[in-house]
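Just so it is clear, none of the values below were taken in a lab; they were calculated from the coordinates. Just so it is clear, the structure is predicted and the values come from calculations on it, not from any experiment. Heads up, the Cβs are rebuilt from the backbone with ideal geometry, glycines too, and the neighbour counts pull from every protein chain shown.
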């Protein structure tokens, strides 16, 4: 599998940010790590081995990035407002730097889908819902789409506008809603095993249903826990069968 890593100093987050790129051709898949992990997490947990047939065949080109969760929501020593500011900076990094980089490595016409598991699922969905003009859809695995689950009781407008279960019910901008409705790749996946809570996925799906937005909700059984073996089964299956 073709693999390269690169980095650049990001003006959005004011630090060096690395990216791992896998493959040579295909639609673009942006991977967002879980919790406090980094851009090589999907490689360490053998996800890239499971994706190799799809990557090597030229179906998909994968871009894996760092989160800033340790510098925002997971940093217990940080002022809550500054956590929110740091998260907004990370969003800007994705929209203003990562997406143009992906286009430079593919083409302007290449669709970009975003995927993540656990905390990465929330980020994936949020990135799409906020900018459906530049991201074409998402595959979210085992997510909680209420950001207050991570903010230890803190709530402000920054939290609101990054918490899909808060802002989506009130979204009334017709142009944004129509862009979201164009997507045929809103996949909300979860297991029912240990440490999973399918109700979070059901809640997001119900919100989308109320907005007349197409989605696919797939709740796997009790043999699918909140862990890498589940996600290593889910993501290759959906990339192969739905794209």
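Computed quantities for the displayed model
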item	result
For the chain, convex hull volume per residue from C-alpha positions, Å³	118
Distance in nm between pseudo-label sites at residue 173 and residue 35 (7 Å out along the Cβ direction from Cα)	3.4
Mean projection area, nm², convex hull over Cα of the stretch 1-118	7.2
Cα centroid of the stretch 105-179 to Cα centroid of the stretch 1-76, whole Å	18
Residue with peak Gaussian network fluctuation, the chain [Cα springs, cutoff 10 Å], from 32, 85, 144	85
Most fluctuating residue given options 140, 194, 117, as computed from a GNM of the chain linking Cα atoms under 10 Å	194
Packing-based ranking, highest mean first, of 166-175, 121-130, 33-42 given that Cβ atoms within 10 Å are counted	121-130, 33-42, 166-175
